[in-house]
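Just so you know, all these numbers are worked out from the coordinates, no wet-lab data involved. Everything quoted here is computed from the prediction, not taken from an experiment. We place every Cβ from the backbone using ideal geometry, glycine too, and count neighbours over all the protein chains shown.
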Ligand code: UDP
């Protein structure tokens, strides 16, 4: 168990992004909660400081909450490959898929318990009676009883689920239940994923950080410099690496490392419309499905980029390498002409700000952003693309349905496995610039209204206030 060091951030860039009125509501909400906390700490616990949606959220919210005067901190659990293999299986089952053939039986339970007990011993070094502990996801969910026995109030936050539960989701939930049901409250990203035994459940959708390297505004020159510098676009736009960019919060972002790109032929020219999906290399993100849909769409003037984190950089995701290899063979199996208009991109994770700004540039540059997930918790990649006014094509699953109203601020694919439907929608957006612009502008308005961090922090403040005041302590 280790703490992720988090500093404070200046609030003025957020004032610029959110406006004075929203900032002052945020300040008074944080002030109210601060008085109730009376020096107690709010601990977030998850399994990795880098990669995936939970880490993304915590990097955005924890510094902002601290700057608003709250003692919010972040712990990361330890685990061995076997433990992360089990929790990966657990996550896949909670998403409603079988995934691998492995079981979640007594042997897995006993290993999960052993690693949890080790982490519980570490937790005792940090948590004091009266603190609040928020466990994010299945990996640290086993810590709920331990945190309670240390005298903390505990919230179990579930970031995943399946819209219509099935035998796999029930198996995953049954595995978690002995621990997670002891939480004082539970939080879900969407009402569709609330477990029937969830303790005092509440729905709090996530948010993106408008001042972070992932979402800060990039000019066209900066976008091209980043993408050509990293080898994702043809060169001749900028002067190679490093590319240095000022950031609204934190030090300047320096892009030093090229991406690892699997491609045949020259890099795409910036003038070629690019279809982009950025995701973890995970079966449920269906990168190969995107490849098939783009192939079927037969958009001869476009280029497809499938991008994800460098597979050696995300230690809690043992299946990533396997999935990447699957994508590579699908790519190798394409007819030559199509293969030369499609690339697989692995983005280095050594420097998270550098990684984030490359994702930003890719989303910014995209003619269409796709998120063709087979199941999804919320789908922050969609929120990020919508914030950049990109036309989005997303599967109608999980939180993607909460974000997108079909035909208004993006297009939804009713059946996420429908390749012909995805191809048709791709052609529709690519062939109609007015539609693309209208969807993109509405997408930006949607994120501004619902998915920025002030709304998110205030929702959490309300939950924590209710928890603290429930029994008057
Ligand atoms: N992401 C990233 N670098 C990458 C690939 C993904 O920072 O190379 C980020 C992505 O921008 C998003 C997060 O990882 O913020 C993924 O969150 P999402 O909710 O879309 O899916 P999850 O990975 O949690 O299932």
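So here's what we get for this one:
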{"item": "DSSP bridge orientation in the chain - percent antiparallel, rounded to nearest 5", "result": "15 percent"}
{"item": "Alpha-carbon radius of gyration plus Dmax, which is the widest Cα pair, for region 284-350 in Å", "result": "12.6, 38"}
{"item": "Globularity index of region 1-145, i.e. its alpha-carbon radius of gyration over 2.2 N^0.38 Å", "result": "1.22"}
{"item": "Exposure proxy order (Cβ contacts within 10 Å, fewest to most) of 88, 285", "result": "88, 285"}
{"item": "Whole-number D in µm² s⁻¹ for region 341-473, Kirkwood Cα-pair radius fed into Stokes-Einstein, 25 °C, 0.890 mPa s", "result": "151 µm²/s"}
{"item": "Principal axes of region 75-144: Cα extent on each, largest first, Å", "result": "41, 21, 18"}
{"item": "Centroid-to-centroid separation of region 252-266 and region 397-468 [C-alpha atoms, Å]", "result": "28 Å"}
{"item": "Region 197-257 shape via C-alpha gyration tensor axes, a/c threshold 1.5", "result": "prolate"}
{"item": "Principal axis dimensions, largest first and in whole angstrom, of the chain by Cα", "result": "65, 52, 39"}
{"item": "Which of 111, 59, 193 has the fewest Cβ neighbours within 10 Å, and the rest in rising order", "result": "111, 59, 193"}
{"item": "For region 183-250 versus region 1-73, the gap between their alpha-carbon centres in whole angstrom", "result": "16 Å"}
{"item": "Percentage, to the nearest whole number, of Cα pairs in region 261-394 over 22 Å apart", "result": "32 percent"}
{"item": "C-alpha long axis of helix 106-123 to longest principal axis of the chain, angle in °", "result": "70 degrees"}
{"item": "Estimated Rh, region 135-206: Kirkwood, alpha-carbon pairs, angstrom", "result": "12.1 Å"}
{"item": "Scaled radius of gyration (Cα, divided by 2.2 N^0.38 Å) that region 28-89 gives", "result": "1.38"}
